[in-house]
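The values are calculated or read from the model by the stated rules, or taken from the named source; none is laboratory data. Only a predicted model underlies this, so the values are computations on that prediction, with no experimental measurement involved. Glycine also receives a Cβ, built like all others from the backbone with ideal geometry; neighbour counts cover every protein chain displayed. For accessibility, only protein heavy atoms count, side chains too; no ligands or nucleic acids. Shrake-Rupley method; radii C 1.70, N 1.55, O 1.52, S 1.80 Å.
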Amino acid sequence: MTSKIWGGRFQDATDAVLEAINVSIDFDKRLWPQDIEASLAHVAMLEACGIVSQADAEKIADGLVRIRQEIESGAFVFSRKLEDIHMNVEARLAELIGPAAGRLHTARSRNDQVAVDFRLYIRDCIDRIDAQLHDLQQALAEKALAEAASVMPGFTHLQSAQPVTFGHHLLAYVEMISRDRGRFQDARRRLNESPLGAAALAGTSFPIDREMTARALGFDRPTANSLDSVSARDFALETLAAAAICATHLSRFAEEIVLWTTSQFAFVSLSDKFTTGSSIMPQKRNPDAAELVRGKSGRIIGALQALLIVMKGLPLAYSKDMQEDKEGAFDSLDSLALCIAAACGMTRDMTVNAQRMRAAAGAGYATATDLADWLVRALGLPFREAHHVTGRIVGIAEARGLGLEELELSDLQGVEPRITEDVFGVLGVERSVESRTSYGGAAPSNVRAQAQSWLKRLEAE
Ligand code: ARG
């Protein structure tokens, strides 16, 4: 018999390579709070169901609490020989309380143990990320309210399209993040069933109470099928998918910050708190945090792909492949937390260069659509014809290097004789933006109302 916990039928020691590939303690040690919490719930249930004596259950619970203190204080020694967090805790329990420790694993397997630990861990992550996203929404909505009337160019194809306001632009991200939060909450709802008591794969012959452990651990109910309980990782996949989509949104925001802070755009600037310098070019102010938010989306998206690929070929029930679920998930959710914090920090830190934005909003004939709309409204032209007329006027302005509002009335009448002086009222960027009062549109009055309603909603949460 070898010294392994599972070593009853083994004679020889494991090869060093097997140990190296098998060991997970280096990364799964972070599951210790969940592992101990689940063990405490399990042993309380074993006692309540008369499966373990009160005396043993007390010893086990005391031992677990002591182990928790040891880990918290840094006194606990994790051993790679013991493979994973579950066996590290159990081995220490045996050292502390002797043979009674062996009763903790009654009606349980590492397969349901790891499943419950991982669900609890991911659930905690979801709750933390939700709070962070709430914070980011608040930062964005506050800035949006302050910049509700700051005119900026709206882009399509990264070409000036129509004027919008900076507040309107920021509120677009508040909406995206709201959906991200919804996706995390959906994942949480489906995740919140307890696999504990599924044991290795088939359930157990002991008279356990799975409702009791589920309740103790804050789950809505126990999972209904023992095979599914130990095989399922879609709770992690869903969470990683939500993380990947969220990271994509943050990456787009980060990309915009990178663009906006260039000297070519100069729409916003970041303070020294969020800027780094160059070791050779003294003038440089680099938006490294934004670039890394953009860059880290790669590994966050990658973690989802990796776990999908790990899972797709696995027959039911547990296979050791599934131990590969953790590192990517940890890395993804750690990275996302960092990205949200950075996005939030930059949002609060950025100062807006309203003049630059306004000037850029007027460039590129951004009010051409307003001119076309005026032709429809004032002269009754069909929109397609108005589009043509406007296109010819833009051509004239471009040839002379003038903005639309700088043309003479006679120039305009040369293209369409019925145009009157009134048209100049719609050619300015402020007027353009103020006219976008349709629901969800860019008008400052809309933006103000939306920002206020978001802030109210966020405060109430
Ligand atoms: N460390 C393992 C994991 O992460 C725990 C479950 C091991 N189960 C087993 N039958 N070997 O998946």
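Taking every residue in the stretch 80-92 that is within 14 Å of residue 18 (Cα to Cα) and pairing it with any residue that is among the β-branched types (Val, Ile, Thr) and modelled with pLDDT under 95, at least 6 positions away or on another chain, the pairs with Cβ-Cβ distances below 8 Å are 82/5. Looking at the structure I just gave you, is residue 367 hydroxyl-bearing (Ser, Thr, Tyr), more than 24 Å from the chain's Cα centre (by Cα), outside the structural domain of residue 27 (by the TED database) and open to solvent by less than 20 Å² (accessible area, probe 1.4 Å)? Spelling it out, residue 367 is indeed hydroxyl-bearing (Ser, Thr, Tyr), more than 24 Å from the chain's Cα centre (by Cα), outside the structural domain of residue 27 (by the TED database) and open to solvent by less than 20 Å² (accessible area, probe 1.4 Å).
Scanning the stretch 298-319 for residues that are touching a residue at least 24 places away in the same chain (Cβ under 8 Å) and away from the ligand (no atom under 15 Å from the Cβ) turns up 299, 300, 301, 302, 303, 304, 308.
Identify the residue in the stretch 320-349 that is buried (at least 19 other Cβ atoms within 10 Å of the Cβ) and aliphatic (A, V, I, L, M) and, among all such residues, is nearest to the ligand (Cβ to nearest atom). Residue satisfying both the conditions and the ranking: 322.
Could you tell me whether the stretch 62-71 includes any residue that is open to solvent by 10 Å² or more (accessible area, probe 1.4 Å), aliphatic (A, V, I, L, M) and more than 22 Å from residue 23 (Cα to Cα)? Yes, some residue in the stretch 62-71 is open to solvent by 10 Å² or more (accessible area, probe 1.4 Å), aliphatic (A, V, I, L, M) and more than 22 Å from residue 23 (Cα to Cα).
Among all residues of the stretch 281-292, there is at least one that is among the charged types (D, E, K, R) and either within 21 Å of residue 340 (Cβ to Cβ) or touching a His at 6+ places or on another chain (Cβ under 7 Å) (or both). Of everything listed in (1) in contact (Cβ under 8 Å) with a residue 12 or more places away in the chain; (2) open to solvent by 10 Å² or more (accessible area, probe 1.4 Å); (3) assigned by the TED database to the domain that holds residue 273, the single unmet condition for residue 355 is (1). Evaluating residue 143 against the criteria (1) part of a strand (DSSP E or B); (2) under 19 Å from residue 353 (Cβ atoms); (3) open to solvent by 10 Å² or more (accessible area, probe 1.4 Å); (4) touching a residue at least 12 places away in the same chain (Cβ under 8 Å) leaves one unmet condition, (1).
The helices (runs of 4 or more DSSP H) found entirely in the stretch 207-299 that carry 2 or more residues being surrounded by fewer than 21 Cβ atoms within 10 Å (Cβ to Cβ) and of a type in the set (Val, Ile, Thr) are 234-260.
So that you can scan it fast, the table gives a plain yes or no per residue for (1) crowded, with 23+ Cβ neighbours inside 10 Å; (2) closer than 26 Å to residue 326 by Cβ:
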site: 130; (1), (2): no, yes
site: 148; (1), (2): yes, no
site: 152; (1), (2): yes, no
site: 167; (1), (2): yes, no
site: 179; (1), (2): no, no
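The residue that is nearest to the chain's Cα centre (by Cα), among those in the stretch 154-165 that are among the polar types (S, T, N, Q) and open to solvent by 30 Å² or more (accessible area, probe 1.4 Å), is 156. Give the residue that is most open to solvent (accessible area, probe 1.4 Å), with candidates limited to residues of the stretch 6-48 that are within 16 Å of the ligand (Cβ to nearest atom), polar (S, T, N, Q) and not in a helix (DSSP H, G or I). Across the stretch 6-48, the extreme among qualifying residues is 14.
Within the bounds of the stretch 446-453, is there any residue that is of a type in the set (Lys, Arg), under 33 Å from the mean Cα position of the chain (by Cα) and open to solvent by less than 50 Å² (accessible area, probe 1.4 Å)? Checking the stretch 446-453: not a single residue is of a type in the set (Lys, Arg), under 33 Å from the mean Cα position of the chain (by Cα) and open to solvent by less than 50 Å² (accessible area, probe 1.4 Å).
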